[in-house]
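Undergrad: Here it is, the structure, as structure tokens.
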Amino acid sequence: MNRNSANKYLSKLRSSLHRARSLKLISVDPFSDFKLIQSKPKSNILINQELIQIAKKRLDNKSLETVRDYLLMSVFMGGMRYSDLSKIKMKNIF
């Protein structure tokens with residue numbers, strides 16, 4: 001689990017403990033001096049050569065070809081969502 005995922009769970013625990021403190025169920029808030037530190041997520045970017053390799057790759061499975069086509073369309077159309085891409089029909093493309 002990465003740091004930001006752990007922080008999500010810790011913040012839920014922190015709010016529960018804060019609520020317990022306000023209801024006087026506990027005497028001390030264990031998170032009083034604890035600070036959650038966010039880390040910047042690292043994203044990998046496909047380079048042009050990798051996109052060309054993906055586009056030229058021959059696949060035996062029709063569903064894999066569809067997934068590949070959706071990926072390439074998403075990249076070239078500026079990051080369209082899968083739900084939007086799945087609704088595109090041939091009559092929408094010109």
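Every number here is computed from the coordinates shown, using simple stated rules; none is lab data. None of these values were measured; they are calculated from a predicted model. Positions of Cβ are backbone-derived with ideal geometry, glycine not excepted, and every protein chain shown enters the neighbour counts.
Undergrad: Would you please state which residues of the stretch 41-55 a label at Leu64 would reach in this model, taking the label point 7 Å out along Cα→Cβ and a backbone N cut-off of under 19 Å?
TA: Within reach of a label on Leu64, which here means backbone N under 19 Å from a point 7 Å along Cα→Cβ, the stretch 41-55 contributes 50-55.
Undergrad: Take a quick pass over the chain and tell me how many lysine pairs come in under 30 angstrom between Cα atoms, counting only ones 8 or more apart or on separate chains.
TA: 20
Undergrad: Hey, another quick one. Please tell me the relative contact order of the chain in percent, rounded to the nearest whole number, where contacts are Cα pairs under 8 Å and at least six residues apart.
TA: 18 percent
Undergrad: Sticking with this one: Helix by helix, which DSSP H runs in the chain go 15 Å or more along their axis at the Cα atoms and have an average Kyte-Doolittle hydropathy of 0.0 or more? Mind showing how you got there, number by number?
TA: Numbers: long enough: 3-22 (28 Å, -1.31); 62-76 (21 Å, 0.37).
Once both thresholds are applied, what remains is 62-76.
Undergrad: All other residues with a Cβ under 14 Å from the Cβ of Arg19 taken together, and with Lys, Arg as +1 and Asp, Glu as -1, what is their net charge? Present the calculation step by step, with values, prior to reporting the outcome.
TA: Details: positive: Lys12, Arg14, Arg21, Lys24; negative: Asp29.
Taking every other residue near Arg19 into account, the sum is +3.
Undergrad: In the chain, if the dipole is taken from +1 on Lys/Arg beta carbons and -1 on Asp/Glu beta carbons about the Cα centre, which of Leu51, Ser11, Val75 is farthest to the positive end?
TA: Most positive-ward Cα: Ser11.
Undergrad: What FRET efficiency, computed as 1/(1 + (r/R0)^6) with R0 = 41 Å and r the Cβ-Cβ distance, is obtained for Phe94 and Leu10, rounded to the nearest 0.05?
TA: On the way: r = 51 Å, r/R0 = 1.24.
Rounded to the nearest 0.05, the efficiency is 0.20.
Undergrad: Treating each Cα of the chain as an identical point scatterer and ignoring solvent, apply the Debye formula and state log10 I(q)/I(0) at q = 0.13, 0.14, 0.15, 0.19 Å⁻¹.
TA: Taken in order of the listed q values, log10 I(q)/I(0) reads -0.69, -0.72, -0.76, -0.97.
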